[in-house]
Amino acid sequence: MPRYSEDQRETIKNDTRQKLIHAALEEFARYGYEQANVNRISEAAGFAKGTIYNYFPSKQALMLALIDEIGNAHVGWLATSIQSETTPRRRLEALFKAGFTYVEQQPSEAHFLLTTLYGAGEEFRQAMGKVYQPLFKLIATEILAQGIAQGVFRLVDPYRTATLLMTLYLGTASQVDAANKTWLNADEVTAFAWQAIRNLEVSQG
(Lines give C-alpha, C1' and ligand atoms only; values in the text may rest on other atoms or scores of the structure.)
Protein backbone atom coordinates (compact mmCIF):
# COMPACT_ATOMS: atom_id res chain seq x y z
CA MET A 1 0.00 0.00 0.00
CA PRO A 2 1.57 3.31 -1.03
CA ARG A 3 2.44 5.84 1.62
CA TYR A 4 1.32 9.41 1.15
CA SER A 5 2.54 12.59 2.71
CA GLU A 6 0.10 14.72 4.69
CA ASP A 7 -0.17 17.13 1.76
CA GLN A 8 -0.88 14.28 -0.66
CA ARG A 9 -3.54 12.83 1.62
CA GLU A 10 -5.19 16.23 1.92
CA THR A 11 -5.13 16.67 -1.86
CA ILE A 12 -6.70 13.23 -2.39
CA LYS A 13 -9.33 13.99 0.24
CA ASN A 14 -10.21 17.33 -1.36
CA ASP A 15 -10.33 15.81 -4.85
CA THR A 16 -12.62 13.04 -3.65
CA ARG A 17 -14.90 15.53 -1.93
CA GLN A 18 -15.14 17.66 -5.07
CA LYS A 19 -16.00 14.62 -7.19
CA LEU A 20 -18.74 13.72 -4.74
CA ILE A 21 -20.03 17.30 -4.73
CA HIS A 22 -20.14 17.36 -8.53
CA ALA A 23 -21.95 14.02 -8.68
CA ALA A 24 -24.37 15.21 -6.00
CA LEU A 25 -25.08 18.35 -7.99
CA GLU A 26 -26.09 16.30 -11.02
CA GLU A 27 -28.16 13.92 -8.88
CA PHE A 28 -30.05 16.63 -7.00
CA ALA A 29 -30.56 18.72 -10.15
CA ARG A 30 -32.04 15.71 -11.95
CA TYR A 31 -34.07 14.01 -9.22
CA GLY A 32 -34.62 16.61 -6.51
CA TYR A 33 -33.76 16.10 -2.86
CA GLU A 34 -36.38 13.49 -1.98
CA GLN A 35 -35.62 11.18 -4.91
CA ALA A 36 -31.83 11.64 -4.85
CA ASN A 37 -29.90 8.50 -3.90
CA VAL A 38 -26.59 8.71 -2.05
CA ASN A 39 -25.36 5.37 -3.40
CA ARG A 40 -25.93 6.57 -6.96
CA ILE A 41 -23.94 9.69 -6.09
CA SER A 42 -20.98 7.65 -4.78
CA GLU A 43 -20.99 5.40 -7.83
CA ALA A 44 -21.36 8.31 -10.28
CA ALA A 45 -18.29 9.90 -8.66
CA GLY A 46 -16.37 6.66 -9.24
CA PHE A 47 -16.38 5.32 -5.69
CA ALA A 48 -17.92 2.44 -3.79
CA LYS A 49 -21.35 2.68 -2.21
CA GLY A 50 -21.18 4.37 1.16
CA THR A 51 -18.06 6.39 0.34
CA ILE A 52 -20.06 9.56 0.62
CA TYR A 53 -20.60 8.96 4.35
CA ASN A 54 -16.86 9.38 4.91
CA TYR A 55 -17.32 13.02 3.91
CA PHE A 56 -20.94 13.86 4.75
CA PRO A 57 -22.83 12.28 7.65
CA SER A 58 -26.19 12.32 5.86
CA LYS A 59 -27.99 13.26 2.64
CA GLN A 60 -29.23 16.34 4.49
CA ALA A 61 -25.66 17.41 5.31
CA LEU A 62 -24.64 16.83 1.70
CA MET A 63 -27.52 19.00 0.48
CA LEU A 64 -26.57 21.81 2.85
CA ALA A 65 -22.93 21.61 1.74
CA LEU A 66 -24.04 21.80 -1.88
CA ILE A 67 -26.24 24.83 -1.21
CA ASP A 68 -23.31 26.55 0.48
CA GLU A 69 -20.77 25.76 -2.24
CA ILE A 70 -22.91 26.32 -5.34
CA GLY A 71 -24.84 29.23 -3.85
CA ASN A 72 -21.71 31.10 -2.83
CA ALA A 73 -20.19 30.54 -6.28
CA HIS A 74 -23.33 32.02 -7.85
CA VAL A 75 -23.28 35.00 -5.52
CA GLY A 76 -19.59 35.54 -6.23
CA TRP A 77 -20.22 35.42 -9.98
CA LEU A 78 -22.90 38.08 -9.77
CA ALA A 79 -21.06 40.26 -7.26
CA THR A 80 -17.89 40.32 -9.35
CA SER A 81 -19.83 41.38 -12.44
CA ILE A 82 -21.79 44.06 -10.57
CA GLN A 83 -18.73 45.53 -8.88
CA SER A 84 -16.79 45.66 -12.15
CA GLU A 85 -19.13 48.47 -13.25
CA THR A 86 -18.98 52.01 -11.86
CA THR A 87 -22.46 53.49 -12.27
CA PRO A 88 -25.79 52.34 -10.79
CA ARG A 89 -27.37 51.95 -14.25
CA ARG A 90 -24.48 49.81 -15.51
CA ARG A 91 -24.52 47.75 -12.34
CA LEU A 92 -28.23 47.08 -12.80
CA GLU A 93 -27.49 45.89 -16.32
CA ALA A 94 -24.64 43.71 -15.05
CA LEU A 95 -26.92 41.99 -12.53
CA PHE A 96 -29.20 40.63 -15.24
CA LYS A 97 -26.56 40.08 -17.92
CA ALA A 98 -24.31 38.09 -15.60
CA GLY A 99 -27.29 36.29 -14.09
CA PHE A 100 -28.65 35.10 -17.43
CA THR A 101 -25.17 34.12 -18.60
CA TYR A 102 -24.78 31.99 -15.47
CA VAL A 103 -28.04 30.17 -16.16
CA GLU A 104 -27.03 29.38 -19.74
CA GLN A 105 -23.40 28.45 -19.02
CA GLN A 106 -23.95 26.59 -15.73
CA PRO A 107 -27.26 24.76 -16.34
CA SER A 108 -26.91 22.09 -13.65
CA GLU A 109 -25.91 24.62 -10.99
CA ALA A 110 -28.70 27.02 -11.98
CA HIS A 111 -31.32 24.27 -12.06
CA PHE A 112 -30.23 23.01 -8.66
CA LEU A 113 -30.37 26.50 -7.10
CA LEU A 114 -33.73 27.42 -8.61
CA THR A 115 -35.47 24.13 -7.80
CA THR A 116 -34.08 24.25 -4.26
CA LEU A 117 -35.25 27.83 -3.82
CA TYR A 118 -38.79 27.11 -4.97
CA GLY A 119 -39.32 23.45 -4.18
CA ALA A 120 -37.19 22.18 -1.31
CA GLY A 121 -37.99 22.04 2.39
CA GLU A 122 -37.96 25.01 4.71
CA GLU A 123 -34.51 24.19 6.14
CA PHE A 124 -32.98 24.32 2.68
CA ARG A 125 -34.80 27.51 1.70
CA GLN A 126 -33.49 29.15 4.86
CA ALA A 127 -29.97 28.00 3.98
CA MET A 128 -30.41 29.53 0.52
CA GLY A 129 -31.59 32.78 2.08
CA LYS A 130 -28.49 32.94 4.26
CA VAL A 131 -26.19 32.37 1.27
CA TYR A 132 -27.90 35.10 -0.76
CA GLN A 133 -28.02 37.73 1.98
CA PRO A 134 -24.72 39.40 0.88
CA LEU A 135 -26.07 39.74 -2.66
CA PHE A 136 -29.28 41.38 -1.48
CA LYS A 137 -27.17 43.81 0.54
CA LEU A 138 -24.94 44.51 -2.46
CA ILE A 139 -27.91 45.28 -4.69
CA ALA A 140 -29.50 47.47 -2.03
CA THR A 141 -26.39 49.49 -1.20
CA GLU A 142 -24.20 49.51 -4.31
CA ILE A 143 -26.93 49.73 -6.94
CA LEU A 144 -30.09 51.16 -5.44
CA ALA A 145 -28.88 53.39 -2.60
CA GLN A 146 -26.13 54.86 -4.77
CA GLY A 147 -28.56 55.37 -7.64
CA ILE A 148 -31.02 57.15 -5.36
CA ALA A 149 -28.25 59.36 -3.93
CA GLN A 150 -27.16 60.31 -7.45
CA GLY A 151 -30.71 61.00 -8.58
CA VAL A 152 -30.63 58.17 -11.13
CA PHE A 153 -33.36 56.14 -9.40
CA ARG A 154 -36.51 57.44 -7.81
CA LEU A 155 -36.89 57.26 -4.05
CA VAL A 156 -37.57 53.62 -3.18
CA ASP A 157 -36.84 51.39 -0.21
CA PRO A 158 -33.47 49.87 -1.26
CA TYR A 159 -33.89 46.58 0.60
CA ARG A 160 -37.48 45.90 -0.43
CA THR A 161 -36.64 46.83 -4.00
CA ALA A 162 -33.56 44.57 -3.92
CA THR A 163 -35.90 41.72 -3.04
CA LEU A 164 -38.12 42.62 -6.01
CA LEU A 165 -35.13 42.76 -8.37
CA MET A 166 -33.87 39.36 -7.20
CA THR A 167 -37.36 37.91 -7.57
CA LEU A 168 -37.49 39.32 -11.10
CA TYR A 169 -34.09 37.84 -11.92
CA LEU A 170 -34.78 34.40 -10.45
CA GLY A 171 -38.24 34.19 -11.96
CA THR A 172 -37.25 35.15 -15.49
CA ALA A 173 -33.97 33.21 -15.39
CA SER A 174 -35.82 30.02 -14.48
CA GLN A 175 -37.72 30.09 -17.80
CA VAL A 176 -35.52 28.25 -20.30
CA ASP A 177 -36.12 26.27 -23.49
CA ALA A 178 -34.87 22.80 -24.40
CA ALA A 179 -31.48 24.26 -25.37
CA ASN A 180 -31.24 25.99 -21.98
CA LYS A 181 -31.70 29.44 -23.49
CA THR A 182 -33.74 31.85 -21.41
CA TRP A 183 -37.07 32.86 -22.95
CA LEU A 184 -36.40 36.53 -22.27
CA ASN A 185 -33.00 38.15 -22.71
CA ALA A 186 -31.10 40.24 -20.21
CA ASP A 187 -31.70 43.49 -22.10
CA GLU A 188 -35.48 43.04 -21.97
CA VAL A 189 -35.51 42.35 -18.25
CA THR A 190 -33.09 45.19 -17.52
CA ALA A 191 -35.28 47.60 -19.49
CA PHE A 192 -38.31 46.53 -17.46
CA ALA A 193 -36.46 47.01 -14.15
CA TRP A 194 -35.03 50.34 -15.30
CA GLN A 195 -38.45 51.69 -16.23
CA ALA A 196 -39.81 50.63 -12.82
CA ILE A 197 -37.20 52.41 -10.70
CA ARG A 198 -35.64 55.17 -12.79
CA ASN A 199 -36.01 58.81 -11.89
CA LEU A 200 -38.13 60.33 -14.67
CA GLU A 201 -36.49 63.71 -14.13
CA VAL A 202 -33.11 62.49 -15.40
CA SER A 203 -32.49 61.20 -18.89
CA GLN A 204 -29.38 59.13 -18.23
CA GLY A 205 -28.17 56.74 -15.53
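As a test question: what accessible area, to the nearest 10 Å², does residue 28 have when a 1.4 Å probe is rolled over all protein chains in place?
10
Cα atoms only: what Rg and Dmax, in Å, come out for segment 128-205?
13.8, 42
Place a +1 charge on the Cβ of each Lys and Arg in segment 119-205 and a -1 charge on the Cβ of each Asp and Glu, then give the dipole magnitude about the Cα centre in debye, rounded to the nearest 20.
Its charge dipole is roughly 140 debye.
Ranked by accessible surface with a 1.4 Å probe, highest first, in what order do 123, 142 come?
123, 142
Nothing charged except the Cβ atoms of Lys and Arg (+1) and of Asp and Glu (-1): what's the magnitude of the dipole of segment 22-87 about its Cα centre? Round to the nearest 20 debye.
240
Between [x] 8, 31, 29, 18, 10, 4, 1, 0; [y] 9, 38, 41, 12, 0; [z] 8, 32, 35, 20, 6, 0, which matches P(r) over Cα pairs in 10 Å bins from 0, in percent calculated for the structure shown?
It is the value labelled [x].
What is the angle, in °, between the Cα long axis of helix 88-105 and the longest principal axis of the Cα atoms in the chain? Nearest 10 is fine, range 0 to 90.
Computed tilt is about 30 degrees.
Rounded to the nearest 10 degrees, what's the angle between the helix 186-197 long axis and the longest principal axis of the chain, both from Cα atoms, 0 to 90?
Orientation of helix 186-197: about 50 degrees from the principal axis.
Pull up all non-local amide H partners of residue 153: gap of 5 or more, or a different chain, and H-to-H distance under 5 Å with H placed in the peptide plane.
For residue 153, whose amide H was placed from the backbone, the distant partners under 5 Å are 148, 199.
Leaving out ligands, DNA and RNA but keeping every protein chain, what accessible area does residue 75 have, in Å² rounded to the nearest 10, with a 1.4 Å probe?
Here the residue's solvent-accessible area equals roughly 20 Å².
Helix 107-119 against the longest principal axis of the chain: what's the angle in degrees, Cα atoms only, rounded to the nearest 10?
80
Please identify the trypsin sites (Lys or Arg not before Pro) of segment 64-168 that satisfy two criteria: DSSP loop assignment and at most 16 other Cβ atoms within 10 Å. Which are they?
154
Take 13, 49 and sort them by solvent-accessible surface of the protein heavy atoms, 1.4 Å probe, largest at the top.
So the residues, ranked largest to smallest area, are 49, 13.
In a Gaussian network model over the chain where Cα atoms closer than 10 Å are linked, find which of 161, 86, 141 has the largest mean-square fluctuation.
86
Starting at the first residue of segment 34-47, write each ³J(HN,Hα) from the Karplus equation 6.51 cos²θ - 1.76 cosθ + 1.60 with θ = phi - 60°, in whole Hz, x for Gly and Pro.
With the stated coefficients, segment 34-47 comes to 4, 8, 5, 10, 5, 5, 4, 5, 4, 5, 5, 7, x, 10 Hz.
Sequence gap at least 6, Cα distance under 8 Å: using those rules, report the relative contact order of segment 29-95 to the nearest whole percent.
Numbers: 29 pairs, mean separation 11.4, N = 67.
Across segment 29-95, relative contact order equals 17 percent.
How many angstrom lie between the Cα centre of segment 30-94 and the Cα centre of segment 126-156?
Centre-to-centre (Cα) distance: 24 Å.
The values are calculated or read from the model by the stated rules, or taken from the named source; none is laboratory data. Fair warning: this is a prediction, and the values are worked out from it, not measured in the lab. Note that each Cβ is placed from the backbone with ideal geometry, even for glycine, and that neighbours are counted across all protein chains shown. These accessible areas exclude ligands, DNA and RNA; they are computed on the full protein's heavy atoms, side chains included. Shrake-Rupley method; radii C 1.70, N 1.55, O 1.52, S 1.80 Å.
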